[in-house]
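The values are calculated or read from the model by the stated rules, or taken from the named source; none is laboratory data. This is a predicted model, so every value here is computed, not measured. Methodologically, a virtual Cβ is constructed for each residue, glycine included, from the backbone with ideal geometry; neighbour enumeration extends over all protein chains shown.
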C-alpha cells in the first residue's frame, strides 16, 4: 500500500525528469495551460511550484525548472546511481533485506531504479512489457494509480 503523498512525490520526480530532458531525448516543454493528457498531474505540478522546483516562465507561457529543481534532480540521480552501483549484482531478496535493515523505503529505491534507467519513460509500453491488462492509455493517471505501484512492488 502506498500513500497518496508518496504517489505525488514519485509522479513529481517523473515530471521533473521529463522537463529536464531535451525534447529529442524524450523531454517535454510543458505549457502553463496543461494539455488534456496532463490534467491528472495538475496537483503534482502545483506541488512542484509550491516547493520551488518549478516556476512559470511568463514570457514563454510554460513551466521550467528552477535552480533548486535542477539541484534536486541531481540529488535523485546520485541516489539512484548509488543504489544501482551497490545492488546491481545482488539478489533481490538480499537487497530488500539490506534496505529494510537500513530503514530505507524499498519502493522508493525500486521507483528510482526504474526512473533512472528509463524503464517507465513510456508508461504504456511499461504496462505491456509487464503483462498488465487492461493497459491504461492515460499515462498521467497511470503514474498516480495503485496499479502502477502494486506492479512495481511485485519485484520486491
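In the set (1) under 14 Å from the mean Cα position of the chain (by Cα); (2) part of a loop (DSSP other than H, G, I, E, B); (3) surrounded by fewer than 17 Cβ atoms within 10 Å (Cβ to Cβ), residue 156 fails one condition alone, (1).
With respect to residue 42, is the statement that it is in contact with a helix residue (DSSP H, G or I) (Cβ under 8 Å, 6 or more places away or on another chain) and either surrounded by 13 or more Cβ atoms within 10 Å (Cβ to Cβ) or outside any loop (DSSP other than H, G, I, E, B) (or both) true? For residue 42, the condition - in contact with a helix residue (DSSP H, G or I) (Cβ under 8 Å, 6 or more places away or on another chain) and either surrounded by 13 or more Cβ atoms within 10 Å (Cβ to Cβ) or outside any loop (DSSP other than H, G, I, E, B) (or both) - is not met.
Against the conditions (1) in a helix (DSSP H, G or I); (2) under 20 Å from residue 5 (Cβ atoms), residue 124 satisfies every one except (2).
Suppose we keep only residues that are part of a loop (DSSP other than H, G, I, E, B) and at negative phi within the range 105-121. Which one would you say is surrounded by the most Cβ atoms within 10 Å (Cβ to Cβ)?
Step one: list which residues in the range 105-121 are part of a loop (DSSP other than H, G, I, E, B), which gives 105, 118-121.
Now narrow it down to the ones that are at negative phi: 105, 119-121.
Values: 105: 13, 119: 16, 120: 22, 121: 16.
In this case the residue turns out to be 120.
Summed over the range 139-153, residues that are more than 14 Å from residue 14 (Cβ to Cβ) and either out of contact with any helix residue (DSSP H, G or I) (no Cβ under 9 Å at 6 or more places or on another chain) or part of a loop (DSSP other than H, G, I, E, B) (or both) total 1.
Look at residue 79 and say whether it is surrounded by 14 or more Cβ atoms within 10 Å (Cβ to Cβ), in contact with a helix residue (DSSP H, G or I) (Cβ under 9 Å, 6 or more places away or on another chain) and in a strand (DSSP E or B). Steps first, please.
Details: surrounded by 14 or more Cβ atoms within 10 Å (Cβ to Cβ): yes; in contact with a helix residue (DSSP H, G or I) (Cβ under 9 Å, 6 or more places away or on another chain): yes; in a strand (DSSP E or B): no.
Criteria not met by residue 79.
Among the residues of the range 10-37, which ones are in a helix (DSSP H, G or I), more than 20 Å from residue 149 (Cβ to Cβ) and touching a strand residue (DSSP E or B) at 6+ places or on another chain (Cβ under 8 Å)? Of everything in the range 10-37, those that are in a helix (DSSP H, G or I), more than 20 Å from residue 149 (Cβ to Cβ) and touching a strand residue (DSSP E or B) at 6+ places or on another chain (Cβ under 8 Å) turn out to be 19, 20. Within the range 95-104, the set of residues being surrounded by 11 or more Cβ atoms within 10 Å (Cβ to Cβ) and either more than 25 Å from residue 73 (Cβ to Cβ) or under 15 Å from the mean Cα position of the chain (by Cα) (or both) comprises 96, 97, 98, 100. If you go through the range 127-150, how many residues are crowded, with 16+ Cβ neighbours inside 10 Å and within 15 Å of residue 7 (Cα to Cα)? Here the count works out to 9.
Of all residues assigned to the range 51-65, none qualifies as being part of a helix (DSSP H, G or I) and either at pLDDT 95 or above or in contact with a strand residue (DSSP E or B) (Cβ under 6 Å, 6 or more places away or on another chain) (or both). One residue stands out in the range 91-106 among those that are in contact (Cβ under 8 Å) with a residue 40 or more places away in the chain and touching a helix residue (DSSP H, G or I) at 6+ places or on another chain (Cβ under 6 Å): the one that is farthest from residue 146 (Cα to Cα), namely 96.
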